[in-house]
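The values are calculated or read from the model by the stated rules, or taken from the named source; none is laboratory data. Note that this is a predicted model, so its numbers are computed, not measured. Ideal geometry is used to build each Cβ from the backbone, glycine not excepted, and the neighbour counts take in all protein chains shown. Heads up: the accessible areas ignore ligands, DNA and RNA and are worked out on the full protein's heavy atoms, side chains in. Shrake-Rupley method; radii C 1.70, N 1.55, O 1.52, S 1.80 Å.
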Amino acid sequence: MRTIGKSVRTSVCGAVLMLMVLPGISAAAEPGGMGGMKMEGHDHAAHGGHDMKNGEKIFSGKVGPWTAEARLIDMKAQMEQSGVSAKTAARFAGKRHLMLFLTDPATGKPAAGVSGKVVVTGPDKTSSSKVTLVVMGEHIGADVGMPTPGKYTFKAEIESADKKGSATFSYTLK
Ligand SMILES: [Cu+2]
């Protein structure tokens, strides 16, 4: 914990990753704590640099009226690059940060006021989880657990005040 310092904050996605993951870490250190990752209500837009298109593109196409691109960031690799200790980086093993960039095709600008949910189904197909995508500057995103290799399917449902759309895409984790 103490090794998480300024170096993390200067990394591209680091500031936000930290804030998202820290509650989980501290809770895990306390017996009986909930390891949940509550993200609602957090001001992700305040963290600059998070919108750089890093990570791996896993989808591009239409989602309802929007042009969309989905990217996945390997959080452990990201942490390693940021110079934290191997022990700290190891806490992020099996976690990916999912980002969805939605653009208004008429203006080419990031769509405003969008939110969404994604159902992630893992390789065993018997378990799925639902994550809420929260606004993080120019994208909406969430952390997803992808602990085992295989094919993951993402079913995204996106909406704004008067529009909605959905898309399904998949990613094979090696
Ligand atoms: Cu994000």
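If you sort the three axes of the alpha carbon gyration tensor as a ≥ b ≥ c, you get a/c of 1.5 or more for the range 62-147 and a/b no higher than b/c, which makes it oblate.
3J(HN,Hα) along the range 154-169: 10, 10, 9, 10, 10, 8, 10, 4, 10, 9, 8, x, 9, 7, 10, 8 Hz, from the Karplus curve 6.51 cos²θ - 1.76 cosθ + 1.60 with θ = phi - 60°, whole Hz, x for Gly and Pro.
Proximity of backbone amide H atoms, modeled 1.01 Å from N, is registered between MET136 and GLY141 at under 5 Å, excluding neighbours fewer than 5 places apart on the same chain. Across the range 122-131, coupling constants 3J(HN,Hα) worked out from phi with the 6.51/-1.76/1.60 Karplus curve, θ = phi - 60°, read x, x, 7, 6, 8, 10, 9, 9, 10, 10 Hz, and Gly and Pro carry x.
Each residue was assigned an accessible area with a 1.4 Å probe, and for THR103 the value is about 40 Å². Mind checking which lysines have their C-alpha under 19 Å from LYS164, skipping anything on the same chain fewer than 8 residues away? Partners found: LYS62, LYS109, LYS117, LYS130, LYS155. Karplus-derived 3J(HN,Hα) values for the range 80-86, using 6.51 cos²θ - 1.76 cosθ + 1.60 with θ = phi - 60°, are 4, 5, 7, x, 6, 5, 4 Hz; glycine and proline are entered as x. The trypsin sites (Lys or Arg not before Pro) of the range 94-126 meeting both criteria, a DSSP state outside H, G, I, E and B (loop) and at most 15 other C-beta atoms within 10 angstrom of the site's C-beta, are LYS125. Near PHE59, the amide H atoms lying under 5 Å from its own belong to ALA70; only residues 5 or more places off or on other chains count, and H is placed 1.01 Å from N. Counting every pair of alpha carbons in the range 101-151, the share spaced more than 13 Å apart comes to 63 percent.
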